[in-house]
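Following: one structure in structure tokens, then a few remarks.
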Amino acid sequence: NTRRVIAGESIAPYETRRVTKDGRVVDVLTTVSPIKNATGKITGAAVILHDITALKRAEGALTEREAWFAASFEQAAVGVALRDIDPAKPRWLRVNRKLCEILGYTREEMLQLTSVDHTPPEDRDEAIAYNERLLRGELTSYTREKRYLRKDGGIIWVNLSVSVVCGTDVRPTHIISVIEDITGRKQAEDQRAHLAA
């Protein structure tokens, strides 16, 4: 770097680690520029150091949180998805392995579909109405039982919990859905009701 500065070149900002007088190790963003006199001769260099230790620590914490979220999302024992806010075409943005198992699709197939595609035709108006209420801000979350269509054409019952995720401007950006297959429970309830009748 010294040779480059002597040749009149400014050094783009780069990160280094330095040890302070009291022994602390800090992350530093360094910028170096040559200083020239009136005749254009290089007489020295201006070195600007910015302590970015707090920023690096925050970036590390964010990366750790992102890794924790990704692992929790993927390994959840229930279906979890992020989906678009569009009421009529709420496209899946991200789905976990369990949701793919519940509905019988690959992840790639799921990302080409919407949550309405998985809803039996006779239930779609109600599903879209809930989505519209979320978009208008009448609801920020809800939980309800509903039916879903599997890839093989079978119909299952799920317990669906939905929450709106808002951006910094407080407008809805997407929705997170938690989907638990309760088909076995519903079938047992039907059997008990049939036996009691």
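The values are calculated or read from the model by the stated rules, or taken from the named source; none is laboratory data. Source: prediction; values computed, not measured. A quick note on method: Cβ atoms are made from the backbone with ideal geometry, for glycine too, and the neighbour counts reach across all protein chains shown. Protein only, heavy atoms only, side chains kept; ligands, DNA and RNA dropped before computing areas. Shrake-Rupley method; radii C 1.70, N 1.55, O 1.52, S 1.80 Å.
Accessible area per residue for the stretch 5-96 is 66 Å², calculated with a 1.4 Å probe on protein heavy atoms, without ligands, DNA or RNA.
Radius of gyration over Kirkwood radius for the chain, both on Cα atoms: the Rg/Rh ratio is 1.30.
Where in the stretch 74-92 does the amide nitrogen come within less than 16 Å of the point 7 Å from the Cα of Arg133, taken along Cα to Cβ? Flagged as within label range: 87-88. Available extension along the chain between Arg4 and Gln112 is 33.6 nm, counting 0.36 nm per residue and deducting the alpha carbon span.
Model label points for Cys166 and Arg24, set 7 angstrom from Cα along the Cα-to-Cβ axis, are 3.7 nm apart.
The calculated FRET efficiency for the pair Arg192 and Arg144, based on their C-beta separation and a Förster distance of 22 Å, comes to about 0.55. Using alpha carbons only, what's the Rg to Rh ratio of the stretch 114-159 with Rh from Kirkwood? Rounded to two decimals, Rg over Rh is 1.00. Roughly how tilted is helix 124-136, in degrees to the nearest 10 and between 0 and 90, from the longest Cα axis of the chain? Approximately 40 degrees, to the nearest 10. Per-atom-type breakdown for the chain gives carbon and sulfur 54% of the accessible area (1.4 Å probe, protein chains only).
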